[in-house]
Amino acid sequence: MVKKLQGETFLLSANELKSGKVVFFTLKGWSSSSVEAIKIKVDEINKYEEISAKDEKKCIIISPKFVELDEEGNIKTLRDKIRNSGITIKI
Amino acid sequence: MYKYSDTDKKIITSRVKQFENQVKRRLEGKLTEEEFKPLRLMNGLYLQLHAYMLRVAIPYGELSSKQLRKIAFIADKYDRGYGHFTTRQNIQFNWPKLLDVPEILRELSSVEMHAIQTSGNCIRNISSDHLAGLTLNEIEDPRPWCEIIRKWSTFHPEFSFLPRKFKIAVIGCTEDRAAMLVHDIGLRIVERKNQVGFEVFVGGGQGRTPIIAKRIRAFLPKKDILNYLEAILTTYNQEGRRDNIYKARIKILVKELGIEKFKSLVEENFSKLSNKELEIDDKNIEEIFGFFRLPPLKSNTNQIPFKKNQEYQNWIKQNVIPHKIQGYSIVQISLKAPKKPPGDATSNQMIALAEISEKFSFSEIRVTHEQNLVLPHVSNKELFNLWNRLKIENLATSNLGLITDTICCPGMDYCALATARSIPISQKISKHFDNYLQQKEIGDLKIKISGCINACGHHHVGNIGILGLDRKGQEFYQITLGGSAKEDATIGEIVGPSFSENNLIEAIEKILNTYKKHKRNKSEDFLTVFRRIGIKEFKKDLYDNFTKKV
Ligand code: HEM
Ligand code: SF4
C-alpha cells in the first residue's frame, strides 16, 4: 500500500466490505465521515497498515488506502476529494 | 424477443445460487478478497470510487417493458433510484451493497437478465445495431446472430480466461450504428451471389491504442460462423500476450503479426476444425430467428400528425425516423436532456417508459451504444400523444445526432481509474449549446468524452473527442478531431495542447467557427469539412490568439 506514497500527512481510508461505502479510520474505528479521521504522519504508516490489514482479514473493509493531505490538512487530490464528498453533479 | 430455454433458466438460477454462496463465504471470511474478486467480476460486480458497481447485460440492446420495470425496481430498492446506460448496451448500478447483490441477480433472473459477460477476460455481451430488424436497407436482422454467438460464448470453457476482454458486435447492413469497427471482432452481414453470409473484421479497439479493425474475410458462409469465431479466438488464446496488460488485446496481436500472417493462422485453425457440432443448420437458424419476428404491424397510410407546435416539430425532425413498415415510426429517446448526466435514467423515467412502450411500442425498448433509447414500433398517428407523454418525463429532448447528444463515460465522478471528470464537461456543452436552432445550424456532430485513456466514452472516434487528463493535479482536456465510429471509422487526430475546463467551451467554439468558415453549403457536415481541409486550419484558428481564462 505504501509504495507510491508522497506527502507528510494522511488519512486512512477504505471501503466497507458489506456495503462498499467509503470509510475513514477514526479513534472510534471506521466512520463514513472524514471529519474525525486520524491524521497520520508518514512515520506512523506501518502501524496503520497493520490495523487495516487486520480489519481486512476480519472482513470489515476492503481496498485500504492512505489519502494524502495538503499543508493545510485538507484532502489533496481531486479524486480523493470526490471520493470523500461524493459526486460533483446532480442526478 | 429471445426467450430463455429451460437450460438457460437452469444455468442462470444456479449461477445466482453459486454467487450467493460465494458472497456468504466472503462475508464469513472463508474467501479472501483476492480469491473473491475474480468471482465477483464474473458476475459484473466492480468496486468503484465510492461503492460497488454492478453492470448488467442488455444483450444486443433489447429490453422488454417487464425487464425495464424490473431494472427500475432494483434501482429503487437496492440503489439510488437511477441507472446508467453504457456505450456497450449495458446498464450500470452505481451504489449496490455487496450483501444485496445476490438478491438483485435473483430479481434479474426472474425477467431473464443477468450480469454475466459484463466483466473479466471473457467474450463480453455481444452488441448490435439498435435499429436491427427495423430498416429497409438491412440484409438480415443481426440479433439472431448475436444470440447464436451469445449461446456459444457464455461459459465457453476455453474462452473464459482469454489474455484480455473480448468484444464482438454484429450489424446487418452497410450503415454501422454499432461502432462495429472498433470491436475485437466486427461482423457485418453481407450478400454475395444471392447467398447471405458475413464480412469479418478483427483487431479493432479503443483504449490507449486505438485501432480500426481489419478485414480478415470478405465472405464467410453463415453455417461456418461459430467455427470461424472459434478459430479466431483459438489463435488469440494461443498467440495473444499475457505478460503485459497493455499489449494483451487482440488488436495488438493483429498489429504485431500483420493481418496476412494472422489470417493465415486463423485459416489454418479453421481448416482443422472439423467440429460439425458448431456448424449451424438452417433449422437452428430458423428457430432462433423465430424469436425476433416483428410484432403484428399492418402497413397503412397513416401520416405523422401535423401540429402547430415548434417543439413537437423539432422532435419529429430530429428524433423520429421511418419504420420499414409503412405507417409506423422508430422513436429515438434522448438520454441527454440538459443538465442530466448522459445515459442516466431515473427509476421514475424507466417505469414511465415501460408503461409508454406497452401503450405505444409493443412493450419493446432498445438501448443504443450512443447511450440513448429507442421505441421501435410506433404508429404514426400516435406520435403527438407519445411526444406529450415523453415530455412529462423529460424524455422528449430533440437533439439526436446533434452537438448536445454527447457520449460520455462516468469519469472521475464515479470511476476509480479516471484522470478527470467527464460528466460536468458534457453538461457544460449541453448548457452552452442549449438552443435547438443553434444546434441545428451546427448540424450533425458527435462529441465523445472519456475521463481517461481507457476511452470508455469513445473519444477516439468522436468527430470532436475530449479526453480528460491530470496535469499536476489539475483537470485538463485534450481535443481530437475527425474521428468516426461509423462505416467510415477513423481515429481522431490530436489538435494540440490540452485545455483547462474553463477554456474548453471557447476551444469548441473556435473549432466550430473554423468549420463554419469552410462549410461549402448548408448540408456539409463537420466531418466532411474536416476531411476536406485537414487539421492544420483548425489548429491555426484554435491556437493563434487564444485568450486563456484562468
Ligand atoms: C467500472 C467502471 C469501468 C472500468 C473499470 C472500465 C475499464 C475499462 C478499461 C480498463 C478499458 C480499456 C481496455 C483496453 O484498452 O484494453 C475500457 C474500455 C472500454 N470501456 Fe470501460 N470501464 C468502466 C466503465 C465503462 C463504462 C461506463 C462504459 C460505457 C459508457 C464502458 C465502455 C467501454 C468501452 C466502449 C471501451 C473501449 C472499447 C475497448 O477497446 O475495449 N466502460 N474500460
Ligand atoms: S474512460 Fe476511464 S474514466 Fe471513463 S469509465 Fe473508462 S476507465 Fe473510467
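Before moving on, here are some points about what is shown:
- The stretch B:407-543: proportion of alpha-carbon pairs further apart than 26 angstrom, %: 17 percent
- Neighbour counts of C-beta atoms inside 10 Å place B:D184, B:D141, B:D470, B:D243 in the sequence B:D243, B:D470, B:D141, B:D184, starting with the fewest.
- Under Karplus coefficients 6.51, -1.76 and 1.60, residue-wise ³J(HN,Hα) of the stretch B:230-245 in Hz, glycine/proline x: 4, 5, 5, 5, 5, 4, 5, 4, 7, 9, x, 7, 10, 8, 9, 4
- When +1 charges are put on Lys and Arg Cβ atoms and -1 charges on Asp and Glu Cβ atoms, the dipole computed for the protein assembly as shown relative to its Cα centre reaches about 560 debye.
- Reachable lysines, given that their alpha-carbon falls under 21 Å from the alpha-carbon of B:K391 and they are not under 8 places away in the same chain: A:K90, B:K307, B:K308, B:K317, B:K336, B:K339, B:K340, B:K359, B:K381, B:K431, B:K440
- Cα Rg, Dmax, chain B, angstrom units: 23.0, 68
- Shape call, the stretch B:214-310: gyration tensor on alpha carbons, a/c limit 1.5: oblate
- Annotation: amide H of B:T397 within the under-5 Å range of B:S334, sequence separation 5 or more or interchain, hydrogens built in the peptide plane.
- Packing-based exposure ordering (other Cβ within 10 Å, fewest first) of B:E34, B:E475: B:E34, B:E475
- Size of the protein assembly as shown as Cα extents on the principal axes (Å, biggest first): 76, 63, 52
- With eigenvalues of the C-alpha gyration tensor scaled by 5 and rooted, the stretch B:141-193, Å: 23, 14, 9
- Value of relative contact order over the stretch B:6-109, rounded to a whole percent, pairs C-alpha under 8 Å and six or more apart: 30 percent
- Scattering profile of the stretch B:134-289 at q = 0.20 Å⁻¹ [log10 I(q)/I(0), Debye over alpha-carbon scatterers]: -1.40
- Backbone HN-Hα couplings from phi across the stretch B:377-392 [Karplus 6.51/-1.76/1.60, Hz, Gly and Pro as x]: 9, 10, 5, 3, 5, 8, 4, 5, 4, 4, 4, 4, 5, 5, 4, 4
- The stretch B:475-521 - Rg (one decimal) and Dmax (whole number), Cα, Å: 12.4, 37
- Averaged over the residues of A:80-89, the number of partner chain Cβ atoms lying within 10 Å of the residue Cβ comes to 5.
- If the Kirkwood radius is taken over C-alpha pairs of the stretch B:6-109, then at 37 °C and 0.692 mPa s the Stokes-Einstein diffusion coefficient equals 231 µm²/s.
- B:Q195-B:N545 pseudo-label distance in nm [points 7 Å out on the Cα-to-Cβ vector]: 6.3 nm
- Derived scalar couplings ³J(HN,Hα) [the stretch B:501-511; Karplus, 6.51 cos²θ - 1.76 cosθ + 1.60; whole Hz; x for Gly, Pro]: 4, 5, 9, 5, 5, 4, 4, 5, 4, 5, 4
- A simple packing score, the average count of other Cβ atoms within 10 Å per residue, orders the peptides B:419-427, B:174-182, B:100-108 as B:419-427, B:174-182, B:100-108, with the highest score first.
- For B:L47, the residues whose modelled amide H falls within less than 5 Å of its own, excluding neighbours fewer than 5 places apart on the same chain, are B:M53.
- Nitroxide proxy distance, nm - points 7 Å out along Cα→Cβ at A:V42 and B:N388: 6.9 nm
- The distance separating the Cα centre of the stretch A:35-91 from that of the stretch B:221-268 comes to 43 Å.
- Per-residue average of Cβ from other chains inside 10 Å of B:38-51: 2
- In straight-distance terms, cross-link reach from B:K165 covers every one of the aspartates and glutamates whose alpha-carbon lies under 12 Å from its own, apart from those fewer than eight places away in the same chain; here that gives B:D184.
- Shape of the stretch A:2-91, Cα gyration tensor, a/c cut at 1.5: oblate
- Cα extents of the stretch B:280-412 along the three principal axes, largest first (Å): 50, 43, 26
- Among B:I535, B:I466, B:I479, A:I38, the ranking by other beta carbons within 10 Å of each residue's beta carbon, starting with the fewest, stands as A:I38, B:I535, B:I479, B:I466.
- Using a cutoff of 8 angstrom between alpha carbon atoms and counting only pairs six or more residues apart, the relative contact order for chain B works out to 12 percent.
Each value in this text was obtained by applying a stated rule to the coordinates, not by laboratory testing. Because the structure is predicted, anything quoted here is derived from the model rather than measured. Because the Cβ atoms are built from the backbone with ideal geometry, glycine has one as well, and the counts that use them run over all protein chains shown.
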